[in-house]
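So the structure is just underneath, and the comments pick up after that.
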Amino acid sequence: MSTTVRKTTTTGSGGKTETTTTETVTDNGGGSVRSKTVVTSQTKTWGGSGGAAAPGAKIGSVFDREEPARPRKAAHQIDRQLAEKKKEMDRLKAAGRSNSMKAAKSAFIQKLEGDAPKTGGKPKRLIDVLSGTNLKRSFSTPARPGASRVPNASAVKDMLLRWCRSKTSAYDHVEITNFSSSWNDGMAFCALIHHFFPDAFDYDSLDPKNKAHNFKLAFDTAEQKADVPQLLDVEDMVRMKCPDWKCVFTYLQCAYRQLHELDK
């Protein structure tokens, strides 16, 4: 009896395959008898170039592959980020309101100056435009007999101040002597608007200490009832102890134009 053993190793895309062939020849006197035994074993190689994919790994396009696990953020980090985003959004909204208010003021002033007739090829200044409104006229002394009377800017302001005072004299917490500090708590604005629209709100329930509410109430009511543009910003008015008299004066000019017809 003789035995022959052959081993063959093959490497392919699926890994390494090893084949063992055992051949046995037996002579029993009547002839030879051959028998063959083949044993095959395969070793798979994961990864590498040309290697098979590991069990559980996804095969296909990059969109089908598993993403590595990312560390999860702590709850306090998420809360802090959300709070920062909210704060930034509030800041952007406030900036937007302020910019829109400034743009409205600028547009209004440009419109006044643009609509005014030109003198000597140049547009009139804002104060000259405001001097030409329909206030009851107070004229300066003529330079010479027979000369036409021209409205004085100071006289226009005095007449507007007297007009505001005459409409608010019966109201508590209001004493109008100028276009600045007399309007710093919103009560004078509310009194002026309430005179023309007494059913719009309850004046007696207002508190001079609640400035923001007073300004907002007056400006909103004037815009809704008489189409008076909101040229003054509530936050600016609350922050300033003495508001800019030019801004207040301009706003009251607009209010006069819309409200004085209701007295007729």
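Spin-label model, E84 to N178: label points 7 Å out along the Cα-to-beta-carbon direction sit 4.6 nm apart. Amide H contacts of K16: T43, K44, T45, each under 5 Å away and 5 or more positions distant or on a separate chain (H built 1.01 Å from N in the peptide plane; Pro and chain starts excluded). Need one word for region 152-264: rounded, prolate or oblate. Basis is the Cα gyration tensor (sqrt eigenvalues a ≥ b ≥ c); a/c below 1.5 gives rounded, then a/b vs b/c decides. Rounded, because the longest to shortest axis ratio a/c is under 1.5. Using a cut-off of under 19 Å, list every residue of region 170-184 whose amide N is near the label point 7 Å from the Cα of D158 along the Cα-to-beta-carbon line. It comes to 176-180, nothing else. Rounded to the nearest 20 debye, the dipole size of region 189-264 about its Cα centre is 280 debye, using +1 on the Cβ of Lys and Arg and -1 on the Cβ of Asp and Glu. Gyration tensor over the Cα atoms of region 150-198: the corresponding equivalent ellipsoid has semi-axes (square roots of 5 times the eigenvalues, largest first) of 21, 12, 8 Å.
For a modelled paramagnetic label at D220, 7 Å from Cα along Cα-to-Cβ, the residues of region 159-190 in reach, with backbone nitrogen under 15 Å, are 190. Only protein heavy atoms count here; under a 1.4 Å probe, R257 has an accessible surface of about 90 Å².
The values are calculated or read from the model by the stated rules, or taken from the named source; none is laboratory data. All figures in this text were calculated on a predicted structure; none of them were measured in a lab. Here Cβ is always computed from backbone atoms with ideal geometry, including for glycine, and neighbour counts include all displayed protein chains. These area figures cover heavy atoms from the full protein model, side chains too; ligands, DNA and RNA do not enter into them. Shrake-Rupley method; radii C 1.70, N 1.55, O 1.52, S 1.80 Å.
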